[in-house]
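What follows is a short report on a single structure.
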Amino acid sequence: MANTFGTGDYQYELVEGWGQWPIDGVASDIATTSNGNVYVAVRTSYAGLYTTEGDNPNAGVILVFDKDGTFLTQWGEEYFATPHGLWISPEDEIFHADSGNHTVTRFNSDGELLMSIGVKDELGPQGEPFRSPTRAVQSASGEIFVSDGYWQNRVHKFTNNGDLICSWGEGEPVFNQEAWNLYKKEDNPNATGNPGTGPGEFNLPHDVTVDSNNNVYIMDRENNRCQIFDADGNFINQWLDVRGPNDAVIDDDEMMHIAEGVGSVLITTLEGEVVGRWGSRGEDAGNFRGFPHGIWIDTQGDIYISEVGTTKGLQKFARI
């Protein structure tokens, strides 16, 4: 009997054994192109986010599979240190945020570099791009939005050509004591270390998602909430009790699916009405061995979830 998962009208069948992995690695994020090919941002070597320059062996690659899980190709080793957020536009352009080398890169589906924002291997000035960005997406009107979350609590908006338009967000980066100590020593020895919890403040903005009306949804992970802004960074609303949100995707029915780090998927309307949750951590088929970190829905309505905290943590669930 097939393993089924989901909640309400959102029911899925686990595609067991999906993915012919050619290498070991940690699947940080996942996205698909219009032809169904699956792109996975993989950490092939990871010693931590806060290793110092010169002794940091972090490395990564993009793996490409077809929709059935057959491995096709890999590329990008020269561009990545710590693969983090992956997003693919309707035009099949691939946006990647690297939390290790502080860049956002844009590729075509063949892996050709089209644009790079940020200075590779250099922390940007406080308040400016980038200090360990977590995800980059493009709005329907062409602007690029980036959540910049590990070394600072900011969101940046760029033109389609990569010119900075504005930034917003407050809160000192105290979600991790090691990060705070390094940050304080290097940049701001007088900081009090208070986490940002108010509207427009963040404690690790881990994902940015933009809807068809250019509303901007920020997964404020350590505050267990999602904050919603207009395209200029003005606060609109917040959803509380979102459990360690790592990534989000909006389906064709304007429903948001959120990968919660505790081991579940939250489904909600764009007004914040919860439809339900599904999933749990564990070793059984369809459970999450690691922590859900990336989520994507393809043109067939099938859902892919990548997990950190384990190797080859990537599962496909086919919509029933």
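Computed from the coordinates by the stated procedures, all read-outs in this text should not be read as laboratory data. For clarity, every value in this text was computed on a predicted model and none was experimentally measured. Cβ: placed from backbone, ideal geometry, glycine included. Neighbour counts: every protein chain shown.
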Using amide H atoms built 1.01 Å from N in the peptide plane, name the residues 5+ places from Ser45, or on other chains, whose amide H lies under 5 Å from its own.
Ala59
Using only C-alpha positions, report the orientation-averaged shadow area of the convex hull of the chain, nm², one decimal.
15.0
Label-point separation in nm, Arg243 to Asp24, each point 7 Å along Cα→Cβ
3.0
What does the extension gain come out to for Asp66 and Ala285, with contour length at 0.36 nm per residue minus their alpha carbon separation?
76.7 nm
What are the extents of the Cα atoms of region 79-163 along their three principal axes, listed from largest to smallest and rounded to whole Å?
33, 26, 17
Label-point gap, in nm, between Glu16 and Glu112 - each point 7 angstrom along Cα→Cβ:
4.3
Once amide hydrogens are built 1.01 Å from N within the peptide plane, the residues lying 5 or more places from Thr134 or on another chain with amide H under 5 Å from its amide H are Ser147, Asp148, Gly149
Please determine, in degrees from 0 to 90 and to the nearest 10, the orientation of helix 177-186 with respect to the longest principal axis defined by the Cα atoms of the chain, where the helix direction is its Cα long axis.
30
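Mind checking the full-extension length gain between Asp92 and Gln74? Use 0.36 nm per residue of separation minus the Cα-Cα distance, one decimal, nm. All intermediate terms of the calculation are to be shown ahead of the outcome.
Details: separation 18, 0.36 × 18 = 6.48 nm, distance 1.66 nm.
Contour length minus Cα-Cα distance gives 4.8 nm.
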